[in-house]
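In what follows, a single structure is set out as structure tokens and then discussed.
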Amino acid sequence: MSALYAAEHRGLRELHAGARQLVKHWRRLAGRLDGRCAAVLEGGAAEAERVRSELARESEVRGVPGFPAASGAGARFAGLHNAGDLMLERNQAMRGAVLDVQWLVTLVAYLERLAATRGDDGLAALHADWGARLAAVEERARITAIELGSDPAFAVTPAETGALGRAGHRIAVAMGGAGEAVDGSAIGRAARRFAR
């Protein structure tokens, strides 16, 4: 078995940071949402944590250095997500969460291809396993986000129900209303003609 490609080293660190970010973001979001959304987010965070633990063990066996920089980057990204959720409606927050796991599924498939290209069937199989498990998380999250369309009034309530979340939601609604007004105005019609 040959040494890992530089692209694999970077990708593995990216996977560690991305999984850590998903865990932090989804657990925080699960505390803001309830019912099926919270259950799916908690379950997905637990699976991403298992993948991250397995990644740490596998990396140690293969002599890949630890992930202190990746952990710091993941924490910063999670902080940005958590702050952004304050202005979102439930449906927007849940759909955004789906993007977190879609990114990981694509990254793991990329890592699988790198390992296979290098001839490391064992690591490629491990990536395939992680990919299948994360794809199942993605599917549950996507279905849950889509199901929010069955209750339109609930779907547009703030993801964060505290005072800060309600204030952020009011700002987002006002900005959306302003955008709709511009789109319906003569300026909006002219911009659409110009965009064609």
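Please tell me if R62 is more than 15 Å from the chain's Cα centre (by Cα), within 17 Å of A7 (Cα to Cα) and at pLDDT 80 or above. Spelling it out, R62 is indeed more than 15 Å from the chain's Cα centre (by Cα), within 17 Å of A7 (Cα to Cα) and at pLDDT 80 or above.
Is it the case, given these coordinates, that A141 is at pLDDT 65 or above, farther than 30 Å from L15 by Cα and touching a Leu at 6+ places or on another chain (Cβ under 8 Å)? No: the conditions fail for A141.
Got a sec? Which of D129, D151 is over 18 Å from V51 (Cβ atoms) and either surrounded by fewer than 14 Cβ atoms within 10 Å (Cβ to Cβ) or at pLDDT 90 or above (or both)?
Working: D129 fails: over 18 Å from V51 (Cβ atoms).
The match here is D151.
Quickly run through the range 1-26 and pick out the residues that are without any contact (Cβ under 8 Å) to a residue 60 or more places away in the chain and part of a helix (DSSP H, G or I). Working first, answer last.
Keep residues of the range 1-26 that are without any contact (Cβ under 8 Å) to a residue 60 or more places away in the chain, which gives 3, 6, 9-10, 13, 16, 20, 23-24.
If the condition is that a residue be without any contact (Cβ under 8 Å) to a residue 60 or more places away in the chain and part of a helix (DSSP H, G or I), then A6, H9, R10, R13, H16, R20, V23, K24 are the ones that fit.
Any residue in the range 27-36 that is among the hydrophobic types (A, V, I, L, M, F, W, C), within 16 Å of the chain's Cα centre (by Cα) and part of a helix (DSSP H, G or I)? Taking every residue of the range 27-36 in turn, at least one turns out to be among the hydrophobic types (A, V, I, L, M, F, W, C), within 16 Å of the chain's Cα centre (by Cα) and part of a helix (DSSP H, G or I).
Does L22 count as modelled with pLDDT under 95, surrounded by 21 or more Cβ atoms within 10 Å (Cβ to Cβ) and among the hydrophobic types (A, V, I, L, M, F, W, C)? Judged against the criteria, L22 is not a match.
The values are calculated or read from the model by the stated rules, or taken from the named source; none is laboratory data. Quantities reported herein were computed from a predicted structural model and do not represent experimental measurements. Because the Cβ atoms are built from the backbone with ideal geometry, glycine has one as well, and the counts that use them run over all protein chains shown.
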